[in-house]
Structure formats: structure tokens, C-alpha cells
1. Given the Cα-Cα distance of R56 and D15 and 0.36 nm per residue of separation, how much length would full extension add, in nm?
2. Between V70 and L43, what length in nm is gained on full extension when 0.36 nm per residue of separation is reduced by their alpha carbon distance?
3. Over the range 2-86, consider all pairs of different Cα atoms and compute the Kirkwood hydrodynamic radius from their mean reciprocal separation; express it in Å, one decimal.
4. Just to check I understand the Karplus step: with θ = phi - 60° and J = 6.51 cos²θ - 1.76 cosθ + 1.60, what whole-Hz values come out for the range 72-79, glycine and proline as x?
5. I need the phi-derived Karplus couplings for the range 34-42: 6.51 cos²θ - 1.76 cosθ + 1.60, θ = phi - 60°, integer Hz, Gly and Pro marked x.
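Each reported figure results from applying straightforward, stated rules to the coordinates on display, with no laboratory input. On a predicted model such as this, the values are computed, not experimentally measured, just so you know.
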Amino acid sequence: MVSALAQAATRPGYDLTRHPVSVLSNGDLGWIQIGTFIATGVLTLGYAVAARRVLRGGRAGTWAALLLAVQGAGMVVAGVSGSIRSTASRPVRRPASPRR
């Protein structure tokens, strides 16, 4: 959250009320948000392992760990797919059509 707020304050044209946080993974500074997604996902996966160990033996241990793992994996996938998208699909400039 701190990373997104810092980027929102410094990125021209970005508005938290109109754009999702994933938009920050575009552009030259997109690597910052991509790294934030991946780091958050890895830390959440670690938290899922810890929650499983602490809450072992009950339904909460199973479901809490499972839901945290799904959320963490989703963040890692968002970061990896953001890095692929930002490096593989640069915008193509089309020549301006002549005015008639």
C-alpha cells in the first residue's frame, strides 16, 4: 500500500480514484509495481505456510492457509504477467494519416 501511494503521488497522470493500482506496472517505472506485486505475493505465501503451522489441526488452519496461498500466488502471477506485458508489448506508433 505504501508503494502504491508513493507512486501515485509521484507519477504524472495517475489518479487513485480513477485507475487501478495495476496500471502502475506500465511505463518506464513499472518495474517498481511489478516488484511490489512479486514481493507481496512471496511474503503472503510465507505467511500461508506459517498460518498452516500455527493453526494446525483445525478447519481454520486448512482454509486460512489455503486462501492466503491463493492470494499470494495471485500476486506473484500478477507481477510476472505484468513484467511480461510491460516488456513484450510496447505501444506501436502508427503514422498519422494525411488530412484531406
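1. On the way: separation 41, 0.36 × 41 = 14.76 nm, distance 4.27 nm.
Gain on stretching R56 to D15: 10.5 nm.
2. Details: separation 27, 0.36 × 27 = 9.72 nm, distance 1.24 nm.
Separation in residues times 0.36 nm, less the Cα-Cα distance, equals 8.5 nm.
3. On the way: mean 1/r = 0.0721 Å⁻¹.
Evaluated on the range 2-86, it is 13.9 Å.
4. These are the phi-based 3J(HN,Hα) values: x, 5, x, 5, 5, 4, 4, x Hz.
5. Once rounded to whole Hz, the list reads 4, x, 5, 4, 5, 4, 5, x, 5.
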